[in-house]
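Before any comments, here is the structure.
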Amino acid sequence: MASRNGEEKVELGFNDVNETKTKKDWILLSLRVVAFFATAAATFVMALNKQTKSLIVGTIGSTPITATLSAKFNQTPAFVFFVIANGNASLHNLVMIALDILGPQYDYKGLRLALIAILDMLTMALASAGDGAATFMSELGRNGNSHARWNKICDKFESYCNRGGGALIASFIGFILLLIIAVMSIAKLLKPNRINHAPSPSP
Amino acid sequence: MAKTSRICHLLLRFLAFSATLSAVIVMVSSHERATFFNVSFEAKYTTSPALKYFVIANSVVTVYGFLVLFLPAESLLWRLVVAMDMVLTMLLISSLSAALAIAQVAKQGNNSAAWLPICGSVPKFCNHITGALIASFIGVIIYMILLLHSIHSVLDPLLLKKT
């Protein structure tokens, strides 16, 4: 490719972007909105997950002793991490939606699409870690572990476990949507009409 | 230039393969027998579903890493490798996080659920699990570096296929 042709092509590309409106990607935007709602729902349902119950813990003579026990999410570090990871994911989606709506003029040295793709992948990694930890901690709560003498808690705190399960399902939906979004963001990098692609000098 | 880049890439993949392989081996070979109150129990990785998931995920990533090492440089399958890299890295991260959550309960217990820590009675088992988690963590870091390298090679397609 002669360099003169390359220069002409670059100028044409810049003029096109300035004059015609770039087509908004509605599919990506709607996926981000749904993912934002899913991860935000997971965060709030798990953060407000609480159940208080008074259980009989023993008897003295003939009078039973009751103690009021409460199950909260911050007693388990795995659930705290789950809340933090999903909060992070929903904040990331919110910022990306805002960036998309505010238009393509926010650019950092032409690396806007690459930064979006990298940040999408990092958020996906965090969400996946939060999901994994919370899933197996809930499984431990539901089934216990007979070898380690850890009793199950879900038979006593039924609605706590059910709400935690609902938060987990919402978080899985958000994670799958994040995966699709990340793949689409990386696919956007491959398109030839992006403005950050400087013509590479012919070797 | 492309040759050194390819050698670097292969070296990173080999390091990741050996990290996940050692995580599998260390976790599978961890077992300890302990007795308390006349009841003897054996602590193995099969007693916990999270540790089983950890072994399965790391084995899958080990086999995948081994197969990718032998992929020729100009094959069209490298695009599939970029996609599979992402999916398997997320699998690895979630398995590491699950095993970490269970190991944290084993080490420190959970007061509210009346779960006692078991690492006091089986210290060798706990050290084995710690070693396997560290090896898998190294594998995760290397796979994240490989993912960033894949994005860089997507931006600069000369690295993916020969012109």
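The values are calculated or read from the model by the stated rules, or taken from the named source; none is laboratory data. Everything numeric here is computed off the predicted structure, so don't read it as measured data. We place every Cβ from the backbone using ideal geometry, glycine too, and count neighbours over all the protein chains shown.
Do you know which residues across the range B:56-67 are more than 14 Å from chain A (Cβ to nearest Cβ) and β-branched (Val, Ile, Thr)?
If the condition is that a residue be more than 14 Å from chain A (Cβ to nearest Cβ) and β-branched (Val, Ile, Thr), then B:Val60, B:Thr62, B:Val63 are the ones that fit.
With respect to B:Ala106, determine if the residue is in contact (Cβ under 8 Å) with a residue 40 or more places away in the chain, within 13 Å of chain A (Cβ to nearest Cβ), crowded, with 21+ Cβ neighbours inside 10 Å and in contact with a helix residue (DSSP H, G or I) (Cβ under 8 Å, 6 or more places away or on another chain).
Details: in contact (Cβ under 8 Å) with a residue 40 or more places away in the chain: no; within 13 Å of chain A (Cβ to nearest Cβ): yes; crowded, with 21+ Cβ neighbours inside 10 Å: yes; in contact with a helix residue (DSSP H, G or I) (Cβ under 8 Å, 6 or more places away or on another chain): yes.
It is false that B:Ala106 is in contact (Cβ under 8 Å) with a residue 40 or more places away in the chain, within 13 Å of chain A (Cβ to nearest Cβ), crowded, with 21+ Cβ neighbours inside 10 Å and in contact with a helix residue (DSSP H, G or I) (Cβ under 8 Å, 6 or more places away or on another chain).
Of everything in the range A:35-74 that's under 15 Å from A:Gly130 (Cα atoms) and not aliphatic (A, V, I, L, M), which residue is surrounded by the fewest Cβ atoms within 10 Å (Cβ to Cβ)? Spell out how you get there, then give the answer.
In the first step, residues of the range A:35-74 are kept if they are under 15 Å from A:Gly130 (Cα atoms); the result is A:38-47, A:73-74.
Then drop every residue that is not not aliphatic (A, V, I, L, M), which leaves A:39, A:43-44, A:73-74.
Values: A:Thr39: 30, A:Thr43: 25, A:Phe44: 16, A:Phe73: 21, A:Asn74: 12.
That would be A:Asn74.
Read through the list (1) facing chain A (nearest Cβ under 9 Å); (2) in a helix (DSSP H, G or I); (3) of a type in the set (A, V, I, L, M), then give the number of the only condition that B:Ile129 fails.
For B:Ile129, the failing item is (1).
Only one residue in B:Thr4, B:Thr46 is under 18 Å from B:Lys124 (Cβ atoms) and either of a type in the set (Val, Ile, Thr) or modelled with pLDDT of 95 or more (or both). Which one?
Details: B:Thr4 fails: under 18 Å from B:Lys124 (Cβ atoms).
Checking each option against the conditions leaves just B:Thr46.
Could you check how many residues of the range B:98-126 are touching a Phe, Trp or Tyr at 6+ places or on another chain (Cβ under 8 Å) and either part of a helix (DSSP H, G or I) or at positive phi (or both)?
Residues meeting the conditions: 6.
Do you know which residues across the range A:50-82 are part of a strand (DSSP E or B), more than 14 Å from chain B (Cβ to nearest Cβ) and not aliphatic (A, V, I, L, M)? Spell out the reasoning first.
Going residue by residue through the range A:50-82, those that are part of a strand (DSSP E or B) are A:50-60, A:63-72.
Right, trim to more than 14 Å from chain B (Cβ to nearest Cβ) and you get A:54, A:56, A:59-60, A:63-66.
If the condition is that a residue be part of a strand (DSSP E or B), more than 14 Å from chain B (Cβ to nearest Cβ) and not aliphatic (A, V, I, L, M), then A:Ser54, A:Thr59, A:Thr63, A:Pro64, A:Thr66 are the ones that fit.
Select from the range B:56-95 the residues that are more than 16 Å from B:Leu146 (Cα to Cα) and buried (at least 21 other Cβ atoms within 10 Å of the Cβ) and list them in ascending order.
B:Ala57, B:Asn58, B:Ser94, B:Ser95
I'm checking my understanding of the structure. Among residues of the range B:4-55 that are among the basic types (Lys, Arg) and within 14 Å of another protein chain (Cβ to nearest Cβ), which one is surrounded by the fewest Cβ atoms within 10 Å (Cβ to Cβ)? Give the steps one after another, and end with the answer.
Of the residues in the range B:4-55, the ones among the basic types (Lys, Arg) are B:6, B:13, B:33, B:44, B:52.
Among the residues that remain, those that are also within 14 Å of another protein chain (Cβ to nearest Cβ) are: B:33, B:44, B:52.
Details: B:Arg33: 11, B:Lys44: 18, B:Lys52: 16.
Per the stated criteria, the residue is B:Arg33.
If you scan the range B:59-96, which residues turn out to be polar (S, T, N, Q) and part of a helix (DSSP H, G or I)?
Start the filter on the range B:59-96 by keeping residues that are polar (S, T, N, Q), which leaves B:59, B:62, B:75, B:89, B:94-95.
Hits for the range B:59-96 are B:Ser59, B:Thr62, B:Thr89, B:Ser94, B:Ser95.
Going through A:Leu113, A:Leu126 one at a time, which residue ends up being over 24 Å from B:Ile93 (Cα atoms), out of contact with any Gly (no Cβ under 8 Å at 6 or more places or on another chain), assigned to a helix (DSSP H, G or I) and within 11 Å of chain B (Cβ to nearest Cβ)?
Details: A:Leu126 fails: over 24 Å from B:Ile93 (Cα atoms).
Within the list A:Leu113, A:Leu126, the selection yields A:Leu113.
Within the range A:31-49, is there a residue that is in a strand (DSSP E or B) and out of contact with any Leu (no Cβ under 6 Å at 6 or more places or on another chain)? Outline the logic, then answer.
Within the range A:31-49, the first condition is being in a strand (DSSP E or B), and the residues that meet it are none.
No, every residue in the range A:31-49 fails to be in a strand (DSSP E or B) and out of contact with any Leu (no Cβ under 6 Å at 6 or more places or on another chain).
Please enumerate the residues belonging to the range A:147-203 that are touching a strand residue (DSSP E or B) at 6+ places or on another chain (Cβ under 6 Å) and modelled with pLDDT under 85.
Filtering the range A:147-203 for residues touching a strand residue (DSSP E or B) at 6+ places or on another chain (Cβ under 6 Å) gives A:147, A:150, A:157, A:159-160.
Passing the criteria: only A:His147.
Going by what's in this entry, would A:Leu140 be described as closer than 30 Å to B:Val140 by Cβ and surrounded by 19 or more Cβ atoms within 10 Å (Cβ to Cβ)? Walk me through it before giving the result.
On the way: closer than 30 Å to B:Val140 by Cβ: yes; surrounded by 19 or more Cβ atoms within 10 Å (Cβ to Cβ): yes.
Criteria met by A:Leu140.
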